[in-house]
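Chemist: Take a look at this one; I'll ask things after.
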Amino acid sequence: MKVRARTLVLLVAVVVLAIVGTAHAMEMSGVVTAVNVEKSTMTLKSEEMAVSFDCETGSLLKDIKVGDTVTVQYSEEGGKKLATSVTRMAPMK
């Protein structure tokens, strides 16, 4: 009986840690107002706010320039927004 209870407690702890430890991917679209490929950072302005992102690699930004409309997929880690994908959207005609 004690072994079964310990196993249950361990299982619950693993599930809770998995849920808490999982980074939830988020998405934001807007206009690029700043890009720094060397520092792997960019700033994006949506209708509601301006947000700065650190990027996993500078290569995410290689074809991105100020004025582009993009969609950024990101996670929050240590209070910073970490972009995992930056996709340029076609200009509106």
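Chemist: Return the long-range amide H neighbours of residue 68 (sequence gap of 5 or more, or a different chain), with a cut-off of under 5 Å between placed amide H atoms.
Modeler: So residue 68 has HN proximity to 32.
Chemist: Would you grab the residues whose amide H sits under 5 Å from the one on residue 85? Only those 5+ places off in sequence or on another chain, please, with H modelled 1.01 Å from N.
Modeler: For residue 85, the qualifying residues are 73.
Chemist: Counting Lys +1, Arg +1, Asp -1, Glu -1, what net charge surrounds residue 71 among other residues with beta carbon under 11 Å of its beta carbon?
Modeler: Net charge around residue 71: -1.
Chemist: Would you list which aspartates and glutamates come within 17 Å of residue 65, measuring only between C-alpha atoms, while excluding same-chain residues fewer than 8 positions from it?
Modeler: Answer for residue 65, where 17 Å is the Cα cut-off: 38, 54, listed by chain and number.
Chemist: Something else now. Given the Cα-Cα distance of residue 49 and residue 87 and 0.36 nm per residue of separation, how much length would full extension add, in nm?
Modeler: Stretched fully, the residue 49-residue 87 segment lengthens by 11.8 nm.
Chemist: If you don't mind, there's one more thing I want to ask. Quote to one decimal, in nm, the extra length available between residue 41 and residue 26 on full extension: 0.36 nm per residue of separation minus the C-alpha distance between them.
Modeler: Fully extending the segment from residue 41 to residue 26 adds 3.7 nm.
Chemist: Once you order the gyration tensor axes a ≥ b ≥ c over the Cα atoms, which shape class does region 54-93 get: rounded for a/c under 1.5, otherwise prolate or oblate by comparing a/b with b/c?
Modeler: prolate
We did not get these values from a lab; they are worked out from the coordinates using the rules stated. All values reported here derive from a predicted model rather than from experimental measurement. Neighbour counts run over all protein chains shown; Cβ positions are idealised from the backbone, glycine included.
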